[in-house]
Amino acid sequence: MLVQKFKKQFFLELSKLYPETEIQSFFNILIQHKLNLSRVDLALQSSLEFNNSDLDFFQKALKELKNQIPIQYITGETEFYGLHFNVNSNVLIPRPETEELVDWILKDHQNSPSIKILDIGTGSGCIAISLAKILPNAEVFALDISAEAIKTAKSNAVINNVTVNFTEANILTLSDLSNKFDVIVSNPPYVRELEKEQMQPNVLANEPHLALFVENDNPLLFYNKIADLAKSSLKKNGHLYFEINQYLGAETVELLKLKDFKNIQLKKDIFEVDRIIKASLI
Ligand SMILES: C[S@@+](CC[C@H](N)C(=O)[O-])C[C@H]1O[C@@H](n2cnc3c(N)ncnc32)[C@H](O)[C@@H]1O
């Protein structure tokens, strides 16, 4: 089949589900992923035909997009902080907001001669691996409760040619972190069940609920536990960094104050909502 003919079918079948710009973006991503062609390359080859295996891939992708599967799960890859990451349904797709958390840590620590970092709830490994890549003097540790997430994160560390010490563990049942860190960072689950209604149907249906949700009556469960562990596992001059629920900025600041953290800074993200927090012990 001619690629251009398939393109017409692709746009037609997705037109009721997605805006045209998004359909175009899906098409470009799939063409780049499967045929290694840019949009311009494709425009120059108007009589290009799919072979059978490519056609199977594109028809399957079209069906998956109609079923609201995120494009990153279809191609199995995404970009975070300029690096390549493999993703699958066991890990959250890294978000641009989280790049700002990495950026903050990098700005604060780029001149540190040596630094020990722990990433809690690592998922795809995006935070830990970006930090290990850009801070060559860092010794990076990461943990997650999901064995499948750890497997994916380990493969991402190999792809990006960095060393990260991964552990499968439940942070909620740990009594200590058995090490001292300069930086503890976490983007833990923080979406309350009551916020499900505001979420995109494709996120709800496809991304791991273990990575996303907390109960309405204890939304800061992870922040509470991680802050307690950080009190004894941060070095004297160490820093704690969190990505947070946009509606719980004031509550998270209050929690850290009650635990006697100092220099608490709350920042907004690119969408102008409360999103990242930093605090220290002294
Ligand atoms: C919001 S995702 C963040 C993933 C990744 N760090 C990112 O920023 O894209 C939260 C992660 O916490 C992990 N998680 C959930 N409960 C956990 C627990 N009790 N102990 C450790 N990790 C947990 C999930 O498996 C998930 O990978």
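If a residue must be open to solvent by less than 30 Å² (accessible area, probe 1.4 Å) and within 8 Å of the ligand (Cβ to nearest atom), how many such residues does segment 166-180 contain? Reasoning before the result, please.
Quick first cut of segment 166-180, residues open to solvent by less than 30 Å² (accessible area, probe 1.4 Å) only: 169, 171, 177.
Narrowing the set further to residues that are within 8 Å of the ligand (Cβ to nearest atom) leaves 169, 171.
Residues flagged as open to solvent by less than 30 Å² (accessible area, probe 1.4 Å) and within 8 Å of the ligand (Cβ to nearest atom) within segment 166-180 amount to 2.
Please go through segment 181-216 and pick out each residue that is among the aliphatic types (A, V, I, L, M) and either under 16 Å from the mean Cα position of the chain (by Cα) or buried (at least 17 other Cβ atoms within 10 Å of the Cβ) (or both).
First pass over segment 181-216, keeping only residues among the aliphatic types (A, V, I, L, M): 183-185, 191, 194, 199, 203-205, 210-212, 214.
If the condition is that a residue be among the aliphatic types (A, V, I, L, M) and either under 16 Å from the mean Cα position of the chain (by Cα) or buried (at least 17 other Cβ atoms within 10 Å of the Cβ) (or both), then VAL183, ILE184, VAL185, VAL191, VAL203, LEU204, LEU210, ALA211, LEU212, VAL214 are the ones that fit.
Quick one: PRO219 ticks every box in (1) away from the ligand (no atom under 11 Å from the Cβ); (2) surrounded by fewer than 17 Cβ atoms within 10 Å (Cβ to Cβ) except a single one, so which number is it?
Unmet for PRO219, out of (1) away from the ligand (no atom under 11 Å from the Cβ); (2) surrounded by fewer than 17 Cβ atoms within 10 Å (Cβ to Cβ): (2).
Give me a count of the residues in segment 63-72 that are within 14 Å of the ligand (Cβ to nearest atom) and either assigned to a helix (DSSP H, G or I) or closer than 26 Å to LYS267 by Cα (or both).
Within segment 63-72, the first condition is being within 14 Å of the ligand (Cβ to nearest atom), and the residues that meet it are 70, 72.
Subset that is either assigned to a helix (DSSP H, G or I) or closer than 26 Å to LYS267 by Cα (or both): 72.
So the answer is 1.
Among (1) part of a helix (DSSP H, G or I); (2) modelled with pLDDT of 95 or more; (3) more than 11 Å from the ligand (Cβ to nearest atom), there is one condition LEU42 misses while meeting the rest; what is its number?
Against the list (1) part of a helix (DSSP H, G or I); (2) modelled with pLDDT of 95 or more; (3) more than 11 Å from the ligand (Cβ to nearest atom), LEU42 comes up short only on (2).
I'd like the residue in segment 80-115 that is in contact (Cβ under 8 Å) with a residue 60 or more places away in the chain, within 15 Å of the ligand (Cβ to nearest atom) and in a helix (DSSP H, G or I) and, out of all such residues, is surrounded by the fewest Cβ atoms within 10 Å (Cβ to Cβ).
Kept after step one, since they are in contact (Cβ under 8 Å) with a residue 60 or more places away in the chain, are these residues of segment 80-115: 83-93, 96-98, 100-101, 104-105, 108-109, 112, 115.
Now drop any that are not within 15 Å of the ligand (Cβ to nearest atom), which leaves 83-93, 96-98, 100-101, 104-105.
From what's left, in a helix (DSSP H, G or I): 96-98, 100-101, 104-105.
On the way: PRO96: 11, GLU97: 17, THR98: 22, GLU100: 16, LEU101: 27, TRP104: 18, ILE105: 24.
This residue is PRO96.
Select from segment 148-165 the residues that are more than 10 Å from the ligand (Cβ to nearest atom) and either on the phi > 0 side of the Ramachandran plot or of a type outside the set (S, T, N, Q) (or both) and list them in ascending order. Before you say what the answer is, go through the steps one by one.
Pass one, segment 148-165, residues more than 10 Å from the ligand (Cβ to nearest atom): 151, 154-165.
Within segment 148-165, LYS151, LYS154, ALA157, VAL158, ILE159, ASN161, VAL162, VAL164 meet the criteria.
The values are calculated or read from the model by the stated rules, or taken from the named source; none is laboratory data. This one's a predicted model, so the numbers in the text were calculated from it and none came from an experiment. Virtual Cβ from ideal backbone geometry, glycine too; neighbours counted across all protein chains shown. To get the accessible areas, we keep the full protein, side chains included, count just its heavy atoms, and leave off ligands, DNA and RNA. Shrake-Rupley method; radii C 1.70, N 1.55, O 1.52, S 1.80 Å.
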